[in-house]
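Beneath this line is the structure, given in structure tokens, with notes to follow.
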Amino acid sequence: MSAELSEEELEALTLAFQMYDLDNSGSIDSYELKKALESMGQTPTEHDVLELMAAIDEDNSGTINFVEFMTMVKYQKQLALDRDDDADMLMAFVALGGKKDQSGHVERAKLVSTIKLDFGLPIDIEEMIDALDEDGSGEIEWPEFKQLFTAPPQDPAL
């Protein structure tokens, strides 16, 4: 999924930038950024704000211009999308036998059956599981499950 911004989001972002630019300087400093994040329901520490500033202040000016502000919003939007993907994946893990706290496991036979019979996917799920099930237990724990469905396809010739 992409975190591109729609026209409506871009307009709202422009207004938000103007609103958070408390001193009308055309840029946002760390104080203004903290206030902006707080208005979005976050509770950033000074360290969080400085870390975020360092990550997005591309020209090292100590402030964030509008382009950098857009980059930050896109980044946070992508993080939210990624969290949603993780939430969906966790729901699948739980549905197949794992636990909500990411403990437990999914039985290999159950996963293979679900992929092949229930969903009819023409992938070699057994080979994928073999590559990830390092301990050979036949039980897919959360890290393995997550990697199974997020890892890029590997070229068998490599």
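Coordinate-derived values only; no laboratory data. Keep in mind the model is a prediction, meaning the values are calculated, not measured. FYI the Cβ positions are ideal-geometry reconstructions off the backbone, even for glycines, and counts take in every protein chain you see.
Things worth noting here:
- Cα-projected label distance for residue 15 with residue 88, points at 7 Å along beta-carbon direction, nm: 3.0
- Once volume of the Cα convex hull per residue in Å³ is calculated for the structure shown, the corresponding label among (1) 141; (2) 104; (3) 183 turns out to be (3).
- When 7, 139 are sorted by how many other C-beta atoms sit within 10 angstrom of their C-beta, beginning with the fewest, the order is 7, 139.
- Loop-located trypsin sites (Lys or Arg not before Pro) in region 24-101 (DSSP state not H, G, I, E or B) with no more than 10 neighbouring Cβ atoms inside 10 Å: 100.
- Global form of region 7-82, assessed from the alpha-carbon gyration tensor, a/c cut-off 1.5: rounded
- Normalised size of region 96-150, defined as Cα radius of gyration per 2.2 N^0.38 Å with N residues, equals 1.05.
- Summing charges over neighbours of residue 67, with a neighbour being any other residue whose Cβ is under 14 Å away from its Cβ, gives -4 when K and R count +1 and D and E count -1.
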